[in-house]
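Visitor: The structure's right below; bear with me while I get my questions together.
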Amino acid sequence: MKKYLDVLKRTKLFSGISENDIQLMLGCLSATHKDYKKGEYIFRQGEYIDSICVLLNGTVHIQSDDYWGNRSIISEIEMGDMFGESYAVYGSSAVLNDAVAISDCTVAFFNVQRLMTVCSNTCAFHTTVIRNLLIALTHKNRALMQKLTHISKRTTREKLVSYLSAQSKLSNSNHFTIAFNRQQLADFLSVDRSAMSSELSKMKKEGLIDFDKNSFTLLS
């Protein structure tokens, strides 16, 4: 885990804690890590997990497939992001979605019971980690609420406008690059890919947007 200390230092979970102190805490939190190949599952719907996951490199999608194989992407996890915390903290609820490696990746696991319980050594930064976890959960809830704002729109165009407007605000520019390819964006917005691509083309012809692959420009 030592080679990932710089990544861990930049995560929400260890915000405000130095590399030296993080290294001291890894044993206290029973930290482990595992490598995954592209396409492998970190966990599957229906499983029970007892560890909070942090992505050390690569990309992971939190997604769900229905009975007929229709996919919905809940969120994209990037390096340094935390996931699985809601199920691990609750402790008795089965996972509702799959976590899938979109590229080769490495995931760190932190035992939730060790994390939530201040150790007998009275680790000076343990309370900070618990506080960071609560803040991270709040941010995750806000992100999910924003996604609900997008997918609650009635039409494909309204969903695209909502999503692209939000991405523009996040980047503080009318020109930005999104993380999703076309199929992934359709899965994220819960729309048909062909219909979405058609709507994007119409918006481009109408002078509302310009795009090249996953780079977009919003036009006035």
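The values are calculated or read from the model by the stated rules, or taken from the named source; none is laboratory data. Keep in mind that this is a model prediction, so the values were computed, not measured. Note that we place each Cβ from the backbone using ideal geometry, even for glycine, and neighbour counts take in every protein chain shown.
Visitor: Condition test on Lys34, is it out of contact with any Phe, Trp or Tyr (no Cβ under 8 Å at 6 or more places or on another chain) and not aromatic (Phe, Trp, Tyr)?
Guide: When the stated conditions are applied, Lys34 does not pass them.
Visitor: Step by step: first the residues of the range 1-52, then only those that are in a loop (DSSP other than H, G, I, E, B) and modelled with pLDDT under 85, then the one that is nearest to Phe125 (Cα to Cα). Which residue is that?
Guide: Per the stated criteria, the residue is Leu29.
Visitor: Residues to consider are Gly84, Gly46, Gly16; find the one that is surrounded by 14 or more Cβ atoms within 10 Å (Cβ to Cβ) and on the phi > 0 side of the Ramachandran plot.
Guide: Gly84
Visitor: If you check Ile135 against the conditions, is it over 16 Å from Val7 (Cα atoms), β-branched (Val, Ile, Thr) and buried (at least 17 other Cβ atoms within 10 Å of the Cβ)?
Guide: no
Visitor: If you don't mind, there's one more thing I want to ask. If the requirement is being farther than 21 Å from Gln113 by Cβ, among the charged types (D, E, K, R) and touching a residue at least 60 places away in the same chain (Cβ under 8 Å), which of these qualifies: Lys38, Lys9, Lys3, Lys34?
Guide: Lys38
Visitor: Is it fair to say His175 is farther than 20 Å from Arg44 by Cα and assigned by TED's automatic domain parsing to the domain that holds Gly16?
Guide: no
Visitor: Right, next: Residues being assigned to a helix (DSSP H, G or I) and either more than 19 Å from the chain's Cα centre (by Cα) or not basic (Lys, Arg) (or both): count how many of those fall in the range 125-181.
Guide: So the count comes out to 38.
Visitor: Which residues, taken from the range 163-220, are over 29 Å from Ala101 (Cα atoms), hydrophobic (A, V, I, L, M, F, W, C) and surrounded by 14 or more Cβ atoms within 10 Å (Cβ to Cβ)?
Guide: Scanning the range 163-220 gives Met203, Leu208, Ile209, Leu218.
Visitor: Tally the residues that are more than 15 Å from the chain's Cα centre (by Cα), over 13 Å from Leu96 (Cα atoms) and of a type in the set (S, T, N, Q), restricting the search to the range 31-79.
Guide: Of the residues in that region, 3 qualify.
Visitor: Confirm whether Ser93 is surrounded by fewer than 17 Cβ atoms within 10 Å (Cβ to Cβ) and in a loop (DSSP other than H, G, I, E, B).
Guide: yes
Visitor: Within the bounds of the range 188-199, is there any residue that is closer than 30 Å to Ser15 by Cα, modelled with pLDDT under 95 and among the polar types (S, T, N, Q)?
Guide: No: zero hits.
Visitor: Which residues, counting only those in the range 143-165, are closer than 25 Å to Gly58 by Cα, of a type in the set (A, V, I, L, M) and at pLDDT 95 or above?
Guide: Result: Leu164, single match.
Visitor: Look at Ile62 and say whether it is in contact with a helix residue (DSSP H, G or I) (Cβ under 6 Å, 6 or more places away or on another chain) and not basic (Lys, Arg).
Guide: So Ile62 fails the test.
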